[in-house]
Amino acid sequence: MKSTYEKLFEGNRKWVADTLQRDPTFFEKLSKGQTPPVLWIGCSDSRVPANEITGTLPGEIFVHRNIANMVIHTDMSMLSVLDYSVNILEVTDIVVCGHYGCGGIVAALDNKPLGIVENWLRHIKDVYRLHQRELDAIKDEELKANRLVELNVLEQVFDLTKTSIVQNAWRNKKKLSVHGLVYDVKNGILNEIGHSINNSSELPKYYLVDEI
């Protein structure tokens, strides 16, 4: 019996064959470079693959994923992806996508010892602290977790707009919008949370980066 690892290669060969049947030049065109218009910052959860749930092809979305789709200003991996996508690939849209049933969100609502991941979850707990009055009023645990998913997306969108990378793009008149989405694993539907942010006018002045 084939192992799970061996089945990955089997699936790859089938995907290649199916793709070439639809478009014999697909990989030839893909190998010439990428110009994705969208940066997707999503959760590492295996049930939320960006291309599949948006019906897009390889090369159409630039993706960064971590536990609970966090935008942390000391995370050099996220910042490097953001800088590359905005300044080199020149994406026009950045999406932060959370999802209901997120394990990171659920874990942040608890106090069980989880080892090193607890350091990451502290950032989610910070979101809870900012919205504690609203969240404490929700008695149903699933509804509370769902609302924290939504609030977390909104805070990560806000955190993106605070970065010098995004602000410099706006200052240089680049077309760039930041969006918040939540994916419902139970029905497969993407839902927009809040509204898109297209410039720095909504930021408090103490977050703005002055021009050099």
- Message: I'd like to check something: does the stretch 77-89 contain any residue that is touching a Leu at 6+ places or on another chain (Cβ under 6 Å), at pLDDT 95 or above and more than 16 Å from Gly180 (Cα to Cα)?
- Response: yes
- Message: Show the residue pairs meeting these rules: Cβ distance below 8 Å; 6+ apart or different chains; first residue within the stretch 157-178 and over 17 Å from Val95 (Cβ atoms); second residue among the charged types (D, E, K, R) and assigned to a loop (DSSP other than H, G, I, E, B).
- Response: Arg171/Glu211
- Listed by first then second residue, the pairs whose first member lies in the stretch 127-152 and is closer than 20 Å to Gly180 by Cβ, whose partner is assigned to a helix (DSSP H, G or I) and polar (S, T, N, Q), with beta carbons under 6 Å and at least 6 positions apart or on separate chains, are Val127/Asn152
- Message: Against the condition within 12 Å of the chain's Cα centre (by Cα), surrounded by fewer than 19 Cβ atoms within 10 Å (Cβ to Cβ), on the phi < 0 side of the Ramachandran plot and assigned by TED's automatic domain parsing to the domain that holds Tyr128, how does Pro49 come out, does it pass?
- Response: yes
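The values are calculated or read from the model by the stated rules, or taken from the named source; none is laboratory data. Quantities reported herein were computed from a predicted structural model and do not represent experimental measurements. A quick note on method: Cβ atoms are made from the backbone with ideal geometry, for glycine too, and the neighbour counts reach across all protein chains shown.
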